[in-house]
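This structure is in structure tokens; I'll ask about it shortly.
Nothing in this text is a laboratory measurement; each read-out follows from the coordinates by a stated rule. In this text the structure is predicted, and so the values were computed from the model without any measurement. So basically every Cβ, Gly included, is an ideal-geometry build from the backbone, and we count neighbours across all protein chains shown.
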Amino acid sequence: MKISFNNKYYIPEAPSFLSSGLPVLQTPKQLGYHFPAEFAPQTATWLSWPHKEASWPEKIHTIFPYYAQFIKELAKGQKVNINVNDEAMKNFALGHLQNAAVDLTKVEFFFHPTNDAWCRDHGPAFLINLEAKENKKVIVDWGYNAWGNKYPPFDLDDNIPTLIGKHYNIPVYYPGIVMEGGSVEFNGKGTILTSTACLLNENRNPHLNQQQIEEYLYNYYGAEQVLWVNDGIVGDDTDGHIDDTVRFVNEDTVLTVIEENKQDENYELLQHNLKQLQQMRLLNGKQLNIAELPMPDAVAYDGQRLPASYANFYIANHAVIVPVFNCAKDDKALQIIQSCFPTRNVIGIDSTEIIWGLGSFHCMSQQEPAV
């Protein structure tokens with residue numbers, strides 16, 4: 001049960017119902033809020049500093065130079081807000097950021113304790129309504145259970161959106177179901193892309209069917225349409241997050257990964273996703289424009305196939321930051337992504353160490369939209 005910290009914050013047990021007996025609460029959609037596309041202007045990027053050694057067994061010390069490089073690139077175009085557990089973690093982080101020559105005037109630390117680093121999934125979902133007389137920005141705090149209770153504890157992570165809402169003193173909405181930021185992709189014009197492998201998995205919301213989940217997405221993301229592909233990539237412990245497979249680059253165009261090697265275990269499932277995308281229509285009746293992005297060569301560590309994908313890029317105000325894997329396909333992938341973002345710099349950062357944590361730059365970050 002979430003805790004309310006002032007009278008502006010309500011605690012619904014289900015959509016439109018309040019455990020306190022207060023009147024029925026309007027949903028964000030009813031109040032005119034929506035979740036903007038990632039390519040829309042941003043105020044800041046939110047991160048949670050990595051510290052859980054079990055997420056990078058025997059290798060966590062190797063990720064910090066690349067993580068700091070990511071922050072350096074972000075800070076060239078916007079603020080970077082970083083959740084840390086305490087002063088010692090802040091000082092540890094500052095050391096790495098100083099070594100990377102990060103512009104520290106663009107970095108702010110928040111003493112918000114976390115269990116892990118995957119801020120895309122446990123961070124705040126910011127919705128905006130430019131016509132609102134007050135609170136043009138609100139937060140939706142979805143439930144978080146570490147991808148189906150795979151990696152307890154996760155109670156600290158689950159509380160992060162509420163802490164950020166408290167800092168800003170803005171309303172926080174609680175749909176009361178599990179939803180992760182990496183499982184949904186937005187075009188900013190009412191359409192959400194997601195996967196059945198993740199959102200219909202019994203380890204998330206077994207009491208809900210597809211139609212009921214869509215209703216939550218409509219009401220708490222301000223959407224009008226949900227489009228579904230089947231699968232995620234092999235090695236993805238999130239059960240198929242969309243941010244490893246299909247990404248909107250503008251309101252009617254997606255980049256989708258394909259596997260060129262017919263013997264690879266990702267080949268068939270990504271071909272099936274591609275066929276599904278080709279059959280989709282947007283709210284205006286238009287067919288999706290589809291650009292194909294290669295998968296890198298298989299990346300493995302300690303005998304484990306890792307979810308390496310060029311689609312796990314982060315779209316910042318001035319740049320698109322792309323994980324690369326010391327692979328012959330890196331340059332081709334960067335060129336394709338650059339063709340989709342002519343006004344932004346496309347920057348590849350080595351993710352061969354970071355991906356051992358089973359995620360990369362998009363998984364680690366959550367945007368805060370500008371209003």
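So what is the relative contact order for the stretch 32-98, in percent, with contacts set as C-alpha pairs under 8 Å and at least six apart?
Once divided by the residue count of the stretch 32-98, the mean separation gives 44 percent.
Taking amide H atoms as placed 1.01 Å from N in the peptide plane, list the residues 5 or more away in sequence, or in a different chain, whose amide H sits under 5 Å from that of residue 324.
Placed amide hydrogens put 349, 350, 351 under 5 Å from residue 324.
Please sort by residue number the GluC sites (Glu not before Pro) in the stretch 161-226 whose DSSP state is loop and whose Cβ has at most 15 other Cβ atoms within 10 Å.
202, 224
Can you pull the one-decimal nm distance between simple spin-label points at residue 91 and residue 302, each 7 Å off the Cα toward Cβ?
Simple spin-label model gives 3.0 nm for this pair.
Another one. Tell me, what HN-Hα J-couplings in whole Hz come from the Karplus equation 6.51 cos²θ - 1.76 cosθ + 1.60 at θ = phi - 60° for each residue of the stretch 40-55, using x for Gly and Pro?
Going residue by residue, I get 6, x, 10, 7, 7, 10, 9, 9, 10, 4, x, 8, 7, 5, 5, 6 Hz, with x marking Gly and Pro.
Ok, one more. Within a 10 angstrom radius of the beta carbon, how do 305, 204, 120, 344 rank from fewest other beta carbons to most?
With the sparsest Cβ surroundings first, the list reads 305, 344, 204, 120.
Could I ask something else about it? When the Kirkwood radius is taken over all Cα pairs of the chain, what Stokes-Einstein diffusion coefficient follows at 4 °C and 1.567 mPa s, in µm²/s?
63 µm²/s
Cα convex hull of the stretch 56-146: mean projected area in nm², to one decimal?
Quarter of the Cα hull surface area: 7.6 nm².
OK, next. Please give the FRET efficiency for residue 104 paired with residue 281, using the beta carbon to beta carbon distance and R0 = 45 Å, rounded to the nearest 0.05.
Calculated value: 0.45.
Let me ask another. Can you run phi through the Karplus equation (6.51, -1.76, 1.60; θ = phi - 60°) for the stretch 70-76 and list ³J(HN,Hα) in whole Hz, with x for Gly and Pro?
With coefficients 6.51, -1.76 and 1.60, one gets 4, 5, 4, 5, 4, 5, 6 Hz.
Oh, and also: Under 5 Å between amide hydrogens, which residues at least 5 positions from residue 293 or on another chain qualify, with H placed 1.01 Å from N in the peptide plane?
256, 257, 258
Setting aside same-chain residues fewer than 8 positions from residue 52, which lysines have a Cα under 29 Å from its Cα?
Leaving aside lysines fewer than 8 places away in the same chain, those within reach of residue 52 are 2, 72, 76, 79, 90, 106, 150, 166.
Are there GluC sites (Glu not before Pro) in the stretch 108-141 that DSSP puts in a loop and that have at most 10 other Cβ atoms within 10 Å, and which ones?
131, 134
Rounded to the nearest 0.05, what FRET efficiency do residue 26 and residue 230 have when you use their Cβ-Cβ distance and R0 = 45 Å?
On the way: r = 34 Å, r/R0 = 0.76.
According to the calculation, E is roughly 0.85.
Per residue of the stretch 314-320, what does 6.51 cos²θ - 1.76 cosθ + 1.60 with θ = phi - 60° give for ³J(HN,Hα)? Whole Hz please, x for Gly and Pro, Karplus curve as stated.
Once rounded to whole Hz, the list reads 10, 8, 9, 4, 10, 8, 10.
May I pose another question? What are the lysines whose alpha-carbon lies under 18 Å from the alpha-carbon of residue 133, with same-chain residues fewer than 8 places away excluded?
8, 29
With just the Cα atoms defining each centre, how far is the stretch 107-167 from the stretch 194-224? Give it in Å.
The stretch 107-167 and the stretch 194-224 have Cα centres separated by 19 Å.
Once the piece of chain linking residue 169 and residue 252 is laid out straight, how much longer is it, given 0.36 nm per residue of separation minus the C-alpha distance between them?
On the way: separation 83, 0.36 × 83 = 29.88 nm, distance 3.47 nm.
Full extension from residue 169 to residue 252 adds 26.4 nm.
With a sphere of radius 14 Å drawn around the Cβ of residue 70, what net charge do the other residues whose Cβ falls strictly inside it have (Lys, Arg +1; Asp, Glu -1)?
0
How high is the relative contact order of the chain, in percent, counting Cα pairs under 8 Å that sit 6 or more residues apart?
Rounded, it is 20 percent for the chain.
May I pose another question? Could you pull out every residue, at least 5 positions away or on a different chain, whose amide H is within less than 5 Å of the one on residue 345? Hs are placed 1.01 Å off N in the peptide plane, and Pro or chain starts have none.
Sorted by chain and number, the residues that satisfy this are 319, 320.
From the P(r) of the stretch 194-340, could you give the percentage of C-alpha pairs in the tail past 24 Å?
Numbers: 3733 of 10731 pairs.
Percent of Cα pairs beyond 24 Å in the stretch 194-340: 35.
Hey, another quick one. Suppose every K and R has +1 on its Cβ and every D and E has -1 on its Cβ; what is the size of the dipole of the stretch 116-228 about the Cα centre, in Debye to the nearest 20?
260 debye
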